[in-house]
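A short write-up of the structure that comes next.
The values are calculated or read from the model by the stated rules, or taken from the named source; none is laboratory data. Nothing here was measured: the structure is a model prediction, and the numbers come from that model. With ideal geometry, Cβ positions are generated from the backbone for all residues, glycine too; neighbour counts draw on all protein chains shown. In case anyone asks, the SASA skips ligands and DNA or RNA and just uses the protein heavy atoms, side chains included. Shrake-Rupley method; radii C 1.70, N 1.55, O 1.52, S 1.80 Å.
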Amino acid sequence: MNTFLKRVLVLLSIVALGLLLYSVFVENIFAKRLSPKDTVKFELNDLRLKVFYNRPFKKEREIFGALVPFDKVWRTGANEATTFETNETLDINGMILPVGKYTLWSVPKDSTWNIMFNSKQYEWGVDSEMNPLWDPNYDVVNIEVPVQKLESFVEQFTIAFDNSTDKLFLTMAWDDTKIAVPLK
């Protein structure tokens, strides 16, 4: 066997071993995730917005007030911290959100939610005791928005951008609950 072919086989073996070790010790890249990753983008003229998050399923569970407790900080999704990026300064209910990348946190309540855009980047959403890694000292915007009750259930947590009424909203929906954050 020539030396070039041997080197290629050794390199492929190292790559395969690396993928196997990553899968075993970090994240099983071969298994279907319970809360799949998703990215939502919005583009209009020069404005570019992007949200990266993980989408847990309802699976016949009671969500708000149970799985996601009321009056406690939630990582707004599952797994990695949810991130929000903007390439232009935004006005969110009279508060200014400068250009940048933020982690998105929320405090669900029965009739309103607090939404926090936090300038600190967190790799994961919670610590080993399932407490949110959120640090309020890095909140750039903290607003309260009303809850909208839906007539039908949303099985999988969904973040989207809605500009169907000539106004732009960042929406979040899961179970029978929806909130809309106004963006200007």
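Below, the figures for the structure above:
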| read-out | value |
| --- | --- |
| Cα Rg, Dmax (largest Cα-Cα span) when computed across the range 81-139, Å | 12.3, 36 |
| Euclidean distance of C-alpha centroids, the range 141-167 and the range 65-97, integer Å | 12 |
| Cβ crowding within 10 Å averaged over residues, with 35-47, 130-142, 103-115 ranked highest first | 103-115, 130-142, 35-47 |
| Accessible area of the chain divided out per residue, in Å², using a probe of 1.4 angstrom | 60 |
| The chain - percent of accessible surface contributed by carbon and sulfur, probe 1.4 Å | 56 |
| Computed Kirkwood radius, in angstrom, where 1/r is averaged over Cα pairs of the range 29-184 | 15.9 |
| Neighbour net charge for Lys149 - beta-carbon separation under 12 angstrom, K R +1, D E -1 | -3 |
| Between 0 and 90°, nearest 10: helix 3-25 axis offset from the chain longest Cα axis | 40 |
